[in-house]
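**Q** Sending over a structure as structure tokens; questions will come in a sec.
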Amino acid sequence: MSNQAPQPSRRSFLHHTAAATAALAATPHVFSVASSPSEKINVACMGVRGRGDGVMRTFADQKDVILTHICDVDTNVLKTRAGNMKQKTGRDIKTTTRYEDILEDKDVDALVVTTPDHWHAIPTIAACKAGKDVYVEKPDGHNILEGKMMVAAARKYKRIVQMGTQARSAPYLREATELVQSGAIGKVLYGKAWESARQGAIPKKPDTDPPPYVDYDRWLGPAPQRKFNRYRYHGNWRWFFDYGCGDLGNDGVHRIDYCLAMMGITELPRRVQCMGGKLFFDDAQDWPDTMINAWEFGKNATGGANAKPDAIITYEMRIWSRPRLHGETEAGAVFGEKGYVICSNSGYRAYDAGGKVFKESRVGNAHTLHIRNFLDAVKSRKRESLNQEIASGHIASVMCHSGNIAWRTGKTLTIDPKTEMFDDKEANVFVSREYRKGFELPSIDV
């Protein structure tokens, strides 16, 4: 498959960009876990096979949640999940393969979107327009424009939208952030995120007809029409250009976000570069198995002899390797003049200049806390209480998309933070995509 992507029509692209720009507003990041009143929240879940099943179960565990609908294009999955949820909740759960059925139900308060990446934006934007709040998995969209439109929709229709980088609700990340921001390790100028967990190869197998219980046309959605292949389906979709964002947009978005949180960065990067490729696997996947990304932040980080960034974040990905970095398979670290802090999936460690640990904390994962934070914000209507409101989640997502685009073009790119476009025509092709007829991005009223 080529590294190129079809370019969206100029009229459509400019229309969506103008609509998104008109609706955007800056939102500061706030850590919060509020207490919850007793009112019930009617929640529908979309995309419930793998990760989505776990997220749905956590929502159903909350005493103030009534699970009303389950949506999936696989009717076997629908039947199984509905049975499981009836047994868990004692209620009959409505099932559908069409998220539109959920949006037409005025009793539904919130939609949970745990689909493949290429199906994040369309239902999120449509749900905002329909007056629903949204919990959506990471990255926010399949491309930069989708995420920008999602932020704009949340603003325009005054909806509560949380992105599922759940560590933002972890007490240990809050503590690590407060430690770094207190100056305990001095001035912090550099962050490094990494992923070194060994992944498997994806076999090169011939296409087949889709299973009769899968609405494959709807699964493809906005992606180009092509034949079914079970090795591009289910969990493997993330390794293909049409549906996912590679491991940078899969695990990388979490690790990069650790650095953003600890460093207090709330703006888009200004410059990005990447080196990488498929150096290990000779298989069916499109995305690299090895990448080194770098992003520069600051108003002067635009290249040239006078460039002077305020901060730099790098990301190292080697998904064929087993050795750990700093004792962690995947993590993010920030470095100051007097020490450094490493944050992983389960805690953090702070080191002094001599490499001795002087503070640490390990407090499990924050999956339930993140969902609880979303539900509390749905009740309070206080967008600022969200720990990863869609606007802050969009920054980490843009880093992933821009890193992938730098790899696909082989260029160092400058990003305009207002337009979220690049200084390069070839790179701007990848800011959006060509949407298949019937699955276009919803418009935003301006």
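**Q** Say we look at segment 279-291 and pick out the residues that are of a type outside the set (D, E, K, R) and touching a Lys or Arg at 6+ places or on another chain (Cβ under 9 Å); which of these is nearest to ILE256 (Cα to Cα)?
**A** Per the stated criteria, the residue is MET291.
**Q** Restricted to segment 250-290, and to residues that are of a type in the set (Phe, Trp, Tyr) and buried (at least 24 other Cβ atoms within 10 Å of the Cβ), which residue is farthest from SER344 (Cα to Cα)?
**A** Among those residues, the one meeting the criterion is TRP287.
**Q** Turning to a different aspect of this structure: Only one of these conditions is not met by GLY235: (1) under 16 Å from the mean Cα position of the chain (by Cα); (2) surrounded by fewer than 18 Cβ atoms within 10 Å (Cβ to Cβ); (3) in a strand (DSSP E or B); (4) not β-branched (Val, Ile, Thr). Which number is it?
**A** Failing condition for GLY235: (3).
**Q** Also, I was wondering about something else. Here's a check for you: in segment 222-232, which residue that is part of a loop (DSSP other than H, G, I, E, B) and either in contact with a Ser or Thr (Cβ under 9 Å, 6 or more places away or on another chain) or of a type in the set (Lys, Arg) (or both) is surrounded by the most Cβ atoms within 10 Å (Cβ to Cβ)?
**A** Residue satisfying both the conditions and the ranking: ARG232.
**Q** Out of the residues in segment 108-140 that are assigned to a loop (DSSP other than H, G, I, E, B) and touching a Ser or Thr at 6+ places or on another chain (Cβ under 7 Å), which is nearest to CYS400 (Cα to Cα)?
**A** Filtering segment 108-140 for residues that are assigned to a loop (DSSP other than H, G, I, E, B) and touching a Ser or Thr at 6+ places or on another chain (Cβ under 7 Å), the one nearest to CYS400 (Cα to Cα) comes out as PRO139.
**Q** Something else about it: Restricting the first residue to segment 283-295 and requiring it to be in the same structural domain as LEU189 (by TED's automatic domain parsing) and over 11 Å from GLY200 (Cα atoms), which pairs with a second residue that is aliphatic (A, V, I, L, M) and outside any loop (DSSP other than H, G, I, E, B) meet a Cβ separation below 6 Å and a spacing of at least six or different chains?
**A** Taking only residues 6 or more apart or on different chains, the pairs are MET291/MET317; ILE292/MET275; TRP295/VAL272; TRP295/ILE313; TRP295/MET399.
**Q** Continuing with the same structure: Kindly provide the set of residues from segment 290-318 that are farther than 16 Å from GLU267 by Cβ and within 19 Å of the chain's Cα centre (by Cα), ordered by number.
**A** Scanning segment 290-318 gives MET291, ASN293, ALA294, THR314, TYR315, GLU316, MET317.
**Q** If HIS370 meets every condition in (1) in a loop (DSSP other than H, G, I, E, B); (2) under 17 Å from the mean Cα position of the chain (by Cα) apart from one, which number is that one?
**A** Result: HIS370 passes all but (1).
**Q** Look through segment 149-175, keep the residues that are charged (D, E, K, R) and not in a helix (DSSP H, G or I), and return whichever of them is surrounded by the most Cβ atoms within 10 Å (Cβ to Cβ).
**A** Only one residue fits best here, namely ARG159.
**Q** Right, something else. Looking only at segment 156-183, how many residues end up being touching a strand residue (DSSP E or B) at 6+ places or on another chain (Cβ under 7 Å), of a type in the set (Gly, Ala, Ser) and within 19 Å of MET263 (Cβ to Cβ)?
**A** Looking only at that region, the number is 1.
**Q** Quick test for you: out of LEU145, LEU111, pick the one residue that is modelled with pLDDT of 95 or more, in contact with a Cys (Cβ under 9 Å, 6 or more places away or on another chain) and within 30 Å of THR419 (Cβ to Cβ).
**A** LEU111
**Q** Quick check on this structure: which one of ILE390, ILE371, ILE405, ILE395 is within 23 Å of VAL112 (Cα to Cα), among the hydrophobic types (A, V, I, L, M, F, W, C) and either touching a Phe, Trp or Tyr at 6+ places or on another chain (Cβ under 9 Å) or at pLDDT below 95 (or both)?
**A** ILE371
**Q** Of everything in segment 436-446, what is at pLDDT 95 or above and surrounded by fewer than 20 Cβ atoms within 10 Å (Cβ to Cβ)? Give them in sequence order.
**A** ARG436, LYS437, GLY438, PHE439, GLU440, PRO442
**Q** Okay, next question. If PHE335 satisfies every condition in (1) closer than 28 Å to GLY246 by Cα; (2) assigned to a loop (DSSP other than H, G, I, E, B) but one, which is the exception?
**A** (2)
**Q** Something else: Would segment 324-332 turn up any residue that is at pLDDT below 95, more than 19 Å from TYR172 (Cα to Cα) and not in a strand (DSSP E or B)?
**A** Scanning segment 324-332 turns up at least one residue that is at pLDDT below 95, more than 19 Å from TYR172 (Cα to Cα) and not in a strand (DSSP E or B).
**Q** I would also like to ask the following. Could you check HIS120 against (1) within 22 Å of LYS156 (Cβ to Cβ); (2) in contact (Cβ under 8 Å) with a residue 40 or more places away in the chain; (3) in contact with a strand residue (DSSP E or B) (Cβ under 6 Å, 6 or more places away or on another chain); (4) not hydroxyl-bearing (Ser, Thr, Tyr) and say which number it fails?
**A** All conditions pass for HIS120, except number (2).
**Q** Under 7 Å by Cβ, and 6 or more places apart or on different chains, what pairs join a residue from segment 52-64 that is of a type in the set (Lys, Arg) with one that is buried (at least 23 other Cβ atoms within 10 Å of the Cβ)?
**A** none
**Q** Can you pull out every residue in segment 316-346 that is surrounded by fewer than 20 Cβ atoms within 10 Å (Cβ to Cβ), touching a Phe, Trp or Tyr at 6+ places or on another chain (Cβ under 8 Å) and small (Gly, Ala, Ser)?
**A** Result: SER346, single match.
The values are calculated or read from the model by the stated rules, or taken from the named source; none is laboratory data. Keep in mind that what you see is a predicted model, and the values were worked out from it rather than measured. So basically every Cβ, Gly included, is an ideal-geometry build from the backbone, and we count neighbours across all protein chains shown.
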